[in-house]
Amino acid sequence: MAKKIAKPEPASAEVKPAKTDKAKVVKEKAKVKKAAKSTAVTIISDEHKAVIPHSRFSDFDIALFQSGKHYKLYEKLGSHVVEHNGVVGTYFAVWAPNAHYVSVIANFNGWNKASHALYIRWDGSGIWEGFIPNVGVGEIYKYFINSSTGEDLEKSDPFALRWEVPPLTGSIVADTFYEWKDASWMANRYQHNGLDKPYSVYEVHLGSWARDFDKPDEFYNYEQLADMLVPYVKDMGFTHVEFMPIAEHPYYPSWGYQVSGYYAASSRYGTPQQLMLLIERFHQEGIGVILDWVPSHFPGDAMALYNFDGTHLYEHADMRKGFHPDWKSYIFNYGRNEVRAFLISNAIFWLDRYHVDGLRVDAVASMLYLDYSREHGEWETNIYGGNENLEAISFLKEFNEACYSHFPDIQTIAEESTSFTGVSRPVFLGGLGFGMKWMMGWMHDTIKYFSEDPINRKYHHSVLTFSLLYAFTENFMLPFSHDEVVYGKGSMLRKMPGDEWQQFANLRLVYSYMFTHPGAKLLFMGAEFGQGDEWNFQNALPWHVLEYPNHQGIRQTVMALNLLYKTEPALYEKAFAPEGFEWIDGGNANDSVLAFVRKGHDAKNDLLIVLNMTPVSRHDFRVGVPAAGNWKEIFNSDTQKFWGSGITNNVTLKSETVSWHGKDNSINIILSPLAASVFKRV
């Protein structure tokens, strides 16, 4: 094949429309400076000819982009294998409005910044684009950018669909083509994602859920995980699985929360199609998939979004708004239309191309407040003198409206820890528009209460009952998440007081409390079998402990609770409405006992729940019931199968016309030690 010598090229020309505005072209040309400083000679194959002018953008696309309303930018920006004039190649497009010169550097041109310059559009959009023949899927590339400050940068593609395996950082030309086999799930998932349906989530970090015993330093890929994780989640009875961030993140110890490649599934675990297979397999088993999504901040890696074209393009230039002091990362400029379009397009991308069923939005509290983790003088008020980040609030509302308008049968979930009003209320009612919100206060209060020795719990009774004062102000999800089992906080098991038996009994009890409390549920991996040590992202979960009956008992408890939750309508039909809950006795601090009723649409399905937070069992313990009849214990966390003591109510109890707890009828029960009992009329 003929070879030719590549010479340094001038800065790129403009892509011209059929009718060119000459004044604009002259103006754009005046901005262009020669930035190719290297005179290095590189041999370039004829098949990779210089960049050919080509565009996938219409005038309408540009108008939407500049107004922040283009929600499918992934169809335009980035790298796309296309056919142009009968030749197959790759179209490249990147937003870099303050660049003087942009070129594609790649293996095919020896990473020569002078050989394949892109063309700046004439419309002031700041988009550089062009078509390179005979470049296809698998090509590794970056963008060389010479900025208006004279700075030379090498940047990964913000819209790349795949990256090299870290620590390498090159973008890879890829596609998201996949022949999906989950049509039945997609057509009917509204029946699984509704707020009146059971919603029990298993939170997973893919890199540390499991690893090959013989190769502990290697990750399973998405396809291998499909063979192990899917049947496990199904066997446990969870309705949904939530992946901690799987968008590309070069720094593994960030757990995925320092995202660099927002449109790329992490190459640590395989290809985009392998991830699609994993999601498809979950769907085929009737399990929804939620992704953690991080629009709150991004790292300052030199090859990624920070200082992208030599200016603060994606982040705020004012570091009082643009730098996050806790995570040493950078905050998106939510007031910039193109940045809003980048982020909302990213959310739509995962819902569209990967068929995910929900997005859990990380660190929403940090987005809502200008003074979040900042001292006096480190932040600036909004135009009204307040501390609310009005641009971020507007962005979150638009994000939720876009997601639900395109995919009405999904859920968006906010990790939000403040008392901000209306997080899970519709935008048209003044809310942020999320479907659900993590109930962080409940999580902290519950862990605080259960860490107390049972002898002292009567002095902290209100800590446990406080959540019902605000339980229906939002659509709450009750999380025992990864954040509670790291940084010296200990595992869920080791938060429990007492000897070994009491620790396991307390853990079974706290899970029973979560599953019977109003709201959706979330449990972090390892907690479902009582992991002893806190989570270590560098290692696989300690699966060997399931050889022991106490850990197996915790696992069996969670399986039974998931089954109870999914088969008893009273636990989910009115999970977010006050009509679905009634206290029987919330004030028995002296005995550390709670009794309440959960209600569904049909009164015959009402459940009576009694929780005993002490290791003392009590016989002939009278409890008021909402209706006369025969009451049967359908769940008890103290059964021997769960490694309990086996002190249970194993006979049907006929109610008596003895007024108790303000009810006309009552039953006498055995109060099992450190246990939850659930009764139903039969």
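The values are calculated or read from the model by the stated rules, or taken from the named source; none is laboratory data. The model shown is predicted, which means the values in this text are computed figures rather than measured ones. Cβ coordinates were reconstructed from backbone atoms using ideal geometry, including for glycine residues, and neighbour counts include every protein chain displayed. Protein only, heavy atoms only, side chains kept; ligands, DNA and RNA dropped before computing areas. Shrake-Rupley method; radii C 1.70, N 1.55, O 1.52, S 1.80 Å.
Worth a mention:
- Of the residues making up the range 436-451, none is at positive phi and either touching an Asp or Glu at 6+ places or on another chain (Cβ under 8 Å) or open to solvent by less than 50 Å² (accessible area, probe 1.4 Å) (or both).
- In this structure, V658 does not satisfy being modelled with pLDDT of 95 or more, of a type in the set (A, V, I, L, M), touching a strand residue (DSSP E or B) at 6+ places or on another chain (Cβ under 6 Å) and under 30 Å from G194 (Cβ atoms).
- Those residues of the range 515-569 which are free of Cβ contacts under 8 Å to residues at least 24 places away in the same chain and either surrounded by 24 or more Cβ atoms within 10 Å (Cβ to Cβ) or touching an Asp or Glu at 6+ places or on another chain (Cβ under 8 Å) (or both), in sequence order: P542
- Filter result for the condition that a residue is more than 30 Å from V356 (Cα to Cα) and not in a loop (DSSP other than H, G, I, E, B), over L464, L478, L396: L464
- Residue within the range 274-286 that is surrounded by fewer than 21 Cβ atoms within 10 Å (Cβ to Cβ) and outside any helix (DSSP H, G or I) present: yes
- Count of residues meeting criterion [out of contact with any Pro (no Cβ under 8 Å at 6 or more places or on another chain) and either part of a loop (DSSP other than H, G, I, E, B) or not hydrophobic (A, V, I, L, M, F, W, C) (or both)] in the range 287-298: 5
- Identity of the residue in the range 182-226, among the hydrophobic types (A, V, I, L, M, F, W, C) and open to solvent by 70 Å² or more (accessible area, probe 1.4 Å), that ends up nearest to the chain's Cα centre (by Cα): A183
- Matching residues in the range 452-482 - criterion: being open to solvent by 30 Å² or more (accessible area, probe 1.4 Å), in contact with a Phe, Trp or Tyr (Cβ under 7 Å, 6 or more places away or on another chain) and farther than 20 Å from L571 by Cβ: H460, V463
- Within the range 350-382, being in a loop (DSSP other than H, G, I, E, B), open to solvent by 30 Å² or more (accessible area, probe 1.4 Å) and at negative phi holds for D371, Y372, R374, E375, H376, E378, W379, E380, T381.
- Options G335, G385: the member that is assigned to a loop (DSSP other than H, G, I, E, B), touching a residue at least 40 places away in the same chain (Cβ under 8 Å), small (G, A, S) and over 27 Å from S266 (Cβ atoms): G335
- Counting the residues of the range 403-421 that are within 30 Å of M186 (Cβ to Cβ) and either open to solvent by 10 Å² or more (accessible area, probe 1.4 Å) or assigned to a strand (DSSP E or B) (or both) gives 11.
- Residue in the range 232-239 that is among the β-branched types (V, I, T), open to solvent by 10 Å² or more (accessible area, probe 1.4 Å) and over 19 Å from the mean Cα position of the chain (by Cα) present: no
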